Each structure stands twice: as C-alpha cells, then as structure tokens.
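The values are calculated or read from the model by the stated rules, or taken from the named source; none is laboratory data. The structure presented is a predicted model; accordingly, all values stated were derived computationally and were not measured. Backbone-built Cβ (ideal geometry, glycine too); neighbour counts: all protein chains shown. Each accessible area value is taken on the protein alone, full model and side chains, heavy atoms only, with ligands, DNA and RNA left out. Shrake-Rupley method; radii C 1.70, N 1.55, O 1.52, S 1.80 Å.
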Amino acid sequence: MDVEQSVKNVTRDVPILFNHDAEQIIGHVTKVTGVKQIKARGVVSGVGPRAKELVELARRGFPLRASIGGSVSSREYVEENETRFINGAKVIG
C-alpha cells in the first residue's frame, strides 16, 4: 500500500471505528496529515456505548492508540533472485 498517496486521498468524514467494526462507531475524521507519522483529528460523533467508554477513558488520561485499516489494491510476486522497485523501495526475491 502506498501510504503517502492514501493519506493524500483521505477526505473528511472517514469513520473512526472500534476494532475496525462498522457497527461500533466512535466518530469521524476531520483532518489527516503526515506520512511517516500520520496524525488525524476527529470528532467523537458516535452515540453508542463504545464511544461513551472511550470519552471517559480519555477524560481519565488513558493513553489511547489507533490503527489504520487498509486493503491491497494490487500485488505482485517477486521470484527468487529477482529485483523489483515497489513504492520506491528495492525488493529482492
């Protein structure tokens, strides 16, 4: 996945989900910046129990973390001893 291009393509209102579960909505993203260190701003707009729990954890100072979901849009197999450049990196099979 080309993370740099993916970050550039992020638009407002990307959902923030608990454990990547579409039925546990926490809120939505309002801004994304960075490449090597991705930073996102968002709003807790969810009304379910998980959203309320995360708000309370944040109030108590719990060090919350996030992950980004992704999908493979294309893939290539690199044969043994074959060299390819993928996303600007040299890969040797």
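From the list 65, 50, exactly one residue is at negative phi, open to solvent by 60 Å² or more (accessible area, probe 1.4 Å) and either at pLDDT below 85 or not in a loop (DSSP other than H, G, I, E, B) (or both). Which is it? Step through it out loud before you land on a result.
Working: 65 fails: either at pLDDT below 85 or not in a loop (DSSP other than H, G, I, E, B) (or both).
Unique residue meeting the criteria: 50.
For residue 93, the conditions (1) open to solvent by 80 Å² or more (accessible area, probe 1.4 Å); (2) free of Cβ contacts under 8 Å to residues at least 40 places away in the same chain all hold with the exception of (1). Residue pairs whose Cβ atoms lie under 9 Å apart, separated by 6 or more positions or on different chains, with the first residue in region 48-63 and touching a residue at least 12 places away in the same chain (Cβ under 8 Å) and the second of a type in the set (D, E, K, R), are 48/23; 50/21. Entry remark, region 65-85: residues being hydrophobic (A, V, I, L, M, F, W, C) and under 21 Å from residue 38 (Cα atoms) number 3 in total. Scanning region 33-47 for residues being open to solvent by 100 Å² or more (accessible area, probe 1.4 Å) and in a loop (DSSP other than H, G, I, E, B) gives a total of 3. Checking each residue in region 32-47 for being closer than 14 Å to residue 66 by Cβ and either of a type in the set (D, E, K, R) or in contact (Cβ under 8 Å) with a residue 60 or more places away in the chain (or both) picks out 39, 41.
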